[in-house]
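Here is the structure we will look at, set down as structure tokens.
Bear in mind that the values in this text are calculations on the coordinates, not laboratory data. Since we're looking at a predicted model, the values are computed, not measured. Neighbour counts are summed over all protein chains in view; Cβ atoms, including those assigned to glycine, are modelled from backbone coordinates with ideal geometry.
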Amino acid sequence: MKKKIIGICVLTLLIGTVIPLSAQNITSDYEKYVQPALLSGGFFNKYGGSGTDAFKEIDLTHDGCYIAVGETQVGDTRDAWMVKIDSVGEVIWEITHGTSAGWDGLFPVITTSDGGYLGGGWFYNSSQEDFDALLIKTNEDGEVSWIETYGGEGRDEFFGLLETGNGYFCVGISFSFSDSKNGYLAKVDFDGNLIWQKIFEKEGFITELDEIIVSNVNDGYIFILHRVGF
């Protein structure tokens, strides 16, 4: 049966939230969340080097570990960063990908059915001075299977991933196909080859696809989309 794609749109007209940070907030959160986790067998670790490093997303692996992705500082730039962590928080392996020309990163990550991992994000294309959407596929040992970029001459990024029976759905944003930010949906095969791509555009709005989830309704898929009016 042919799968259908269903969109859920969240319309946002005004965003203005400020969250104050203080030592009291941090101490309170540690006592409320971290200490109970440690007492029940959890762990609290820091990762990265002396620069600014950040995990954007983490997923469970088939062997009871964790796979995390984000960005790590290299000089004045950032590299895309993928780290596998065992059940007690120790690093099993990590890989980076980037150049000295720009700021690269991974945002979503999924554990794939072949036992490996797929990270999505952005890669700075120095020839066009903007970002391409990025996919990095590895096996379970962190060996890179393939790296591909997608999009056009503008800024393109992936924020969500989903494995299907014949490849992967990738969702995010694109500035490559019009003058404004549009939702971006791409379908690639298991080797990273682009099968098709689709832009979600509405005049007077900027659009972003944030996440895609499985739905059993009508044997289709649901993706989460938001729009900001201007």
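Under 1.5 on a/c is rounded, so check that first for region 77-143, then, if it is not, pick prolate when a/b is larger than b/c and oblate when it is not; a ≥ b ≥ c are the square roots of the alpha carbon gyration tensor eigenvalues.
prolate
For region 103-199, rounded, prolate or oblate, judged on the Cα gyration tensor with a ≥ b ≥ c (square roots of eigenvalues), a/c < 1.5 rounded, else prolate if a/b > b/c?
Prolate.
Could you compute the net charge surrounding GLY98? Neighbours are other residues with a C-beta less than 10 Å from the C-beta of GLY98; K and R count +1, D and E count -1.
For residues surrounding GLY98, the net value is -2.
Say each of VAL91 and PHE44 gets a label point 7 Å from the Cα, pointing the same way as Cα to Cβ; how far apart are those two points in nm?
Each label point lies 7 Å from its Cα, and together they span 2.1 nm.
Quick check on the exposure proxy: order CYS65, CYS170 from fewest to most C-beta atoms within 10 angstrom.
Ascending number of Cβ neighbours within 10 Å: CYS65, CYS170.
For GLU143 and ASP76, compute 0.36 nm times the residue count separating them, minus their Cα-Cα distance, and round to one decimal in nm.
Full extension of this stretch gives 21.5 nm more.
Given a Förster distance of 25 Å, report the FRET efficiency between LEU194 and SER113 from their Cβ-Cβ distance, rounded to the nearest 0.05.
Step by step, r from the Cβ atoms, then E = 0.80.
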